[in-house]
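The values are calculated or read from the model by the stated rules, or taken from the named source; none is laboratory data. As the structure is a prediction and not an experimental result, all values here were calculated from the model. So basically every Cβ, Gly included, is an ideal-geometry build from the backbone, and we count neighbours across all protein chains shown. Accessible surface areas use protein heavy atoms only, side chains included; no ligands, DNA or RNA. Shrake-Rupley method; radii C 1.70, N 1.55, O 1.52, S 1.80 Å.
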Amino acid sequence: MTKYRRYLVYLLGVVILSLGLVLNTKAGLGVSPVISVPYGIATIWGWSLGTVTFVFYVLCVAMEYVLDFRGCTLLTLLQIPMSLVTSWLINLFTAWIQIELTGYVQRLGLLLLAITLTGVGVAMIVNMDLVPNPADALANVVGKRINRGFGLGKNVFDLTCLLISCCIGGIFAHKLVGIHVGTLIAVLLTGRIIALFNRLFQDKLLKFVNLPARPQRSHANASTS
């Protein structure tokens, strides 16, 4: 029974993360660095955000094998079906949620809600210690390759995503697509929300699924995907 609780919390985290990512795009104030690449491609060419996100995640998994083939396991391949579920949820929420925002305050409020949901979803996924998000997993590999921890690897990965997104927008749309003040807010707040969630609920959550307690994760090591 406890094992099923762990899977349930993990899947709930995937749902909450997907909802947060979709609401982030609906706010219209810029998206987080990682999702900026698939968002820019989907917006410019009119493709499904979920589908492009799935392709992006698969490429992340492929890069894990390129950078750290010996360190890849079955868990690495399981990131692909996890990505498929996430992309399906993104498409579902994108179709379901139709929001008309009339002012900056409403957009900012929705952005803060989106960032909060994203942080909570990431914290739930990470705490269950099952299949990682491909973006986080690749960032961890990058950190290993440069002989640093996940935190710096995440910073390098986010910066790379921003540069790619800027290039795609500049070349094909002649403007930045998905990069705005909300992108900076996401970078600054998502990690803090994860740290706050862990401080308040991590021990209770781990006890609920019968996992051992662990040290609090630093916000510097948190995902913003």
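So is Leu130 under 23 Å from Asn198 (Cα atoms), of a type in the set (A, V, I, L, M, F, W, C) and outside any helix (DSSP H, G or I) or not? Here the answer is yes, as Leu130 does meet what is asked. Of the residues making up segment 105-148, those that are over 15 Å from the mean Cα position of the chain (by Cα) and without any contact (Cβ under 8 Å) to a residue 24 or more places away in the chain number 7. Filtered by the rule that a residue be at pLDDT below 95 and over 21 Å from Gly143 (Cβ atoms), segment 52-76 gives a lone residue, Leu74. Filter segment 98-136 for residues that are under 20 Å from Val58 (Cβ atoms) and among the aliphatic types (A, V, I, L, M); which is most open to solvent (accessible area, probe 1.4 Å)? Here the residue is Leu130. For segment 37-54, taking the residues that are of a type outside the set (A, V, I, L, M) and open to solvent by 10 Å² or more (accessible area, probe 1.4 Å), the one that is nearest to Ile164 (Cα to Cα) is identified as Tyr39.
Annotation: of all residues in segment 22-36 being β-branched (Val, Ile, Thr) and within 12 Å of the chain's Cα centre (by Cα), the one that is surrounded by the fewest Cβ atoms within 10 Å (Cβ to Cβ) is Val22. Somewhere in segment 208-218, is a residue β-branched (Val, Ile, Thr) and either part of a loop (DSSP other than H, G, I, E, B) or open to solvent by 90 Å² or more (accessible area, probe 1.4 Å) (or both)? Yes: segment 208-218 contains one or more residues that are β-branched (Val, Ile, Thr) and either part of a loop (DSSP other than H, G, I, E, B) or open to solvent by 90 Å² or more (accessible area, probe 1.4 Å) (or both). Among the residues of segment 138-162, those identified as open to solvent by 50 Å² or more (accessible area, probe 1.4 Å) and either among the hydroxyl-bearing types (Ser, Thr, Tyr) or part of a helix (DSSP H, G or I) (or both) are Asn140, Lys144, Arg145, Leu152, Asn155, Val156, Leu159, Thr160.
Go through the residues of segment 84-97 one by one and say whether even a single one is modelled with pLDDT of 95 or more, closer than 28 Å to Arg145 by Cα and aromatic (Phe, Trp, Tyr). No, because not a single residue in segment 84-97 is modelled with pLDDT of 95 or more, closer than 28 Å to Arg145 by Cα and aromatic (Phe, Trp, Tyr).
Within segment 163-194, the set of residues being surrounded by fewer than 19 Cβ atoms within 10 Å (Cβ to Cβ), under 16 Å from Gly40 (Cα atoms) and either aliphatic (A, V, I, L, M) or touching a Pro at 6+ places or on another chain (Cβ under 6 Å) (or both) comprises Leu163, Ile164, Ile171, Ala173, Leu176, Val181. On inspection, Lys175 passes the criterion of being among the basic types (Lys, Arg) and outside any helix (DSSP H, G or I).
Restricting to segment 72-97, and then to whatever is under 11 Å from Val22 (Cα atoms) and of a type in the set (Gly, Ala, Ser), can you tell me which residue is surrounded by the fewest Cβ atoms within 10 Å (Cβ to Cβ)? Taking the candidates together, the pick is Ala95.
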